[in-house]
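Sharing a structure with you now.
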Amino acid sequence: MQSEFAVIDNQFNSIAAANGVDDANNKIQTTLNYFETPDIPVLIIISQNGGFNDYDRPTTITKFLNYLKDKKAYKYRVESAKKNSSGKITELELITK
């Protein structure tokens, strides 16, 4: 079963697997279209306990996408996303796979 966030997970994977910097940068530009602004917060869950999440230091979607480009690996999955009335993502929560 594909999650409702499969499209975003697939975009992140494609950036990590890009054939070079230009390809990665093009994929980043495409992916940013899903988000309200290039500065929306990305929260990465590092642990869950008793219904509470513990997060790594917050980052922005632009910094995160560039991190994927540099690391060439996507080891997370989308846990949740908040969207505005036009369907653009305004906050993203990731969890380590």
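The values are calculated or read from the model by the stated rules, or taken from the named source; none is laboratory data. This one's a predicted model, so the numbers in the text were calculated from it and none came from an experiment. When we count neighbours, we look across all protein chains shown, and the Cβ atoms used for this are built from the backbone with ideal geometry, even at glycine.
If you check SER3 against the conditions, is it assigned to a strand (DSSP E or B) and in contact with a strand residue (DSSP E or B) (Cβ under 9 Å, 6 or more places away or on another chain)?
It is false that SER3 is assigned to a strand (DSSP E or B) and in contact with a strand residue (DSSP E or B) (Cβ under 9 Å, 6 or more places away or on another chain).
Any idea which residue in region 1-25 is surrounded by the fewest Cβ atoms within 10 Å (Cβ to Cβ), counting only those that are closer than 13 Å to THR62 by Cα and of a type outside the set (Val, Ile, Thr)? Working first, answer last.
Residues of region 1-25 that are closer than 13 Å to THR62 by Cα, as a first pass: 12, 15, 24-25.
Still in the running and of a type outside the set (Val, Ile, Thr): 12, 24-25.
On the way: PHE12: 23, ALA24: 21, ASN25: 15.
Only one residue tops the list, namely ASN25.
A further question on this structure: Among (1) in contact with a Lys or Arg (Cβ under 7 Å, 6 or more places away or on another chain); (2) in a strand (DSSP E or B), there is one condition GLN48 misses while meeting the rest; what is its number?
With respect to (1) in contact with a Lys or Arg (Cβ under 7 Å, 6 or more places away or on another chain); (2) in a strand (DSSP E or B), GLN48 is out only on (1).
Still on this structure, I have one more. Tally the residues that are without any contact (Cβ under 8 Å) to a residue 24 or more places away in the chain and either in contact with a strand residue (DSSP E or B) (Cβ under 7 Å, 6 or more places away or on another chain) or not in a loop (DSSP other than H, G, I, E, B) (or both), restricting the search to region 10-26.
Selection size over region 10-26: 6.
In addition: Looking at region 38-79, which of its residues are farther than 24 Å from ALA24 by Cα, in contact (Cβ under 8 Å) with a residue 40 or more places away in the chain and surrounded by 13 or more Cβ atoms within 10 Å (Cβ to Cβ)?
Scanning region 38-79 gives ILE45, ASN53.
A follow-up question, please. Check THR90, THR30, THR37 and return the single one that is modelled with pLDDT of 95 or more and in a strand (DSSP E or B).
THR90
Does region 2-48 hold any residues that are over 13 Å from the mean Cα position of the chain (by Cα) and of a type in the set (A, V, I, L, M, F, W, C), and which are they?
ALA17, ALA18, VAL21, ALA24, ILE46
If you don't mind, there's one more thing I want to ask. Any idea how many residues of region 51-79 are modelled with pLDDT of 95 or more and either small (Gly, Ala, Ser) or part of a helix (DSSP H, G or I) (or both)?
Looking only at that region, the number is 12.
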